[in-house]
Amino acid sequence: MNECGINPSATLAGKMPWDLLHGGNSPVWERRRGFTLIELLVVIAIIAILASLLLPLMSRAKETGKRTKCLNHLRQLGLSLVLYAGDHQGWFPPRSDVRRWPTQLRDGYRNLDLLKCPSDLPKPDTGGTDARNYPADAAPRSYIINGWNDYFKDAMGSAFSMEAIAGKSIRDSAFKKPTMTIAFGEKKGEPGHGHFYMDFLEGTGNDVEEVERGRHSTGAGIRKSGGSNYAFADGSARFIKHGRLLYPMNLWAVTDYFRTNRIFSN
Ligand SMILES: [Zn+2]
């Protein structure tokens, strides 16, 4: 007995410390029925905050992976082009409306999925319709080859027209800056954008209207914050930011005139 008339050892007899903490005779797991609404809401809010922090990081990592895969596709296409030129005394595949470059370069790649960027639509548009005879031309395609319009215009003078360049090709010796002249780029995937050749002199120019300059973007939906992959006339491939493709130099151009005069800063 102490001065309060309580025998401490008697009070504690047969009880665990946490029983005393919660004050009752029954164990805590019998008295508590579950989480309160507030507790559940707090847990849900914490999960939501963590998810909102992690999801952008995850989608960014995913897009980085797709961008690397796309760059490998363009590297392979660039290599196919160089191999083709090596087999044809330096001539690149001639412009054709029947048997186009995806078919002409077929010795350099096997899988038709190589023609597709993983960040593009599942079935990007293609202008090829004869899937039986030219499956590579008719396959969904994200990439576009340079139509070398400025080079032909310069070389042909007044004989130049879009019709007159059918069947014509360019030779590797024509490039003054092969590491700075684009051979392949990414094109828009939506219906109506099935172009095979990037033509400066068609409409207001395929470099502006058909080329997708911001396919690989990490800012959600903001294409100008991203860029696209390109293969060059020497067979190399690299990523170029949206605003660096057509300014301060137009990297699709073969001639100095188009390289420095046909520029767009937007
Ligand atoms: Zn891509």
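Which of the residues that make up the range 93-131 are acidic (Asp, Glu), more than 18 Å from TYR230 (Cα to Cα) and either part of a loop (DSSP other than H, G, I, E, B) or within 16 Å of the ligand (Cβ to nearest atom) (or both)? Within the range 93-131, ASP97, ASP125, ASP130 qualify. When the range 209-238 is limited to residues that are of a type in the set (A, V, I, L, M, F, W, C) and surrounded by 15 or more Cβ atoms within 10 Å (Cβ to Cβ), the one that is nearest to LEU83 (Cα to Cα) turns out to be ALA233.
Condition check ((1) surrounded by fewer than 17 Cβ atoms within 10 Å (Cβ to Cβ); (2) in contact with a Leu (Cβ under 8 Å, 6 or more places away or on another chain); (3) of a type in the set (S, T, N, Q)) across all residues:
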| position | (1), (2), (3) |
| --- | --- |
| ALA155 | yes, no, no |
| ILE165 | no, no, no |
| ALA174 | no, no, no |
| ALA183 | no, yes, no |
| LYS187 | no, no, no |
| GLY203 | yes, no, no |
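For GLY194, state whether it is away from the ligand (no atom under 16 Å from the Cβ) and under 14 Å from GLN104 (Cβ atoms). No: the conditions fail for GLY194. For the residues GLY189, GLY185, GLY203, GLY243, the requirement of being assigned to a helix (DSSP H, G or I) and of a type outside the set (S, T, N, Q) singles out GLY243. Taking the criterion of being more than 13 Å from ALA253 (Cα to Cα) and charged (D, E, K, R), the residues of the range 176-192 that qualify are GLU186, LYS187, LYS188, GLU190. Residue count for the range 64-82 satisfying the condition of being more than 10 Å from the ligand (Cβ to nearest atom) and surrounded by 15 or more Cβ atoms within 10 Å (Cβ to Cβ): 8.
Of LEU71, LEU121, LEU77, all but one fail to be touching a helix residue (DSSP H, G or I) at 6+ places or on another chain (Cβ under 9 Å), aliphatic (A, V, I, L, M) and touching a residue at least 24 places away in the same chain (Cβ under 8 Å); the exception is LEU77. For the range 197-224, a residue qualifies if it is within 15 Å of the ligand (Cβ to nearest atom) and hydroxyl-bearing (Ser, Thr, Tyr), and the qualifying residues are SER217, THR218.
Computed from the coordinates by the stated procedures, all read-outs in this text should not be read as laboratory data. Since this is a predicted model, take the numbers as computed values, not measurements. We place every Cβ from the backbone using ideal geometry, glycine too, and count neighbours over all the protein chains shown.
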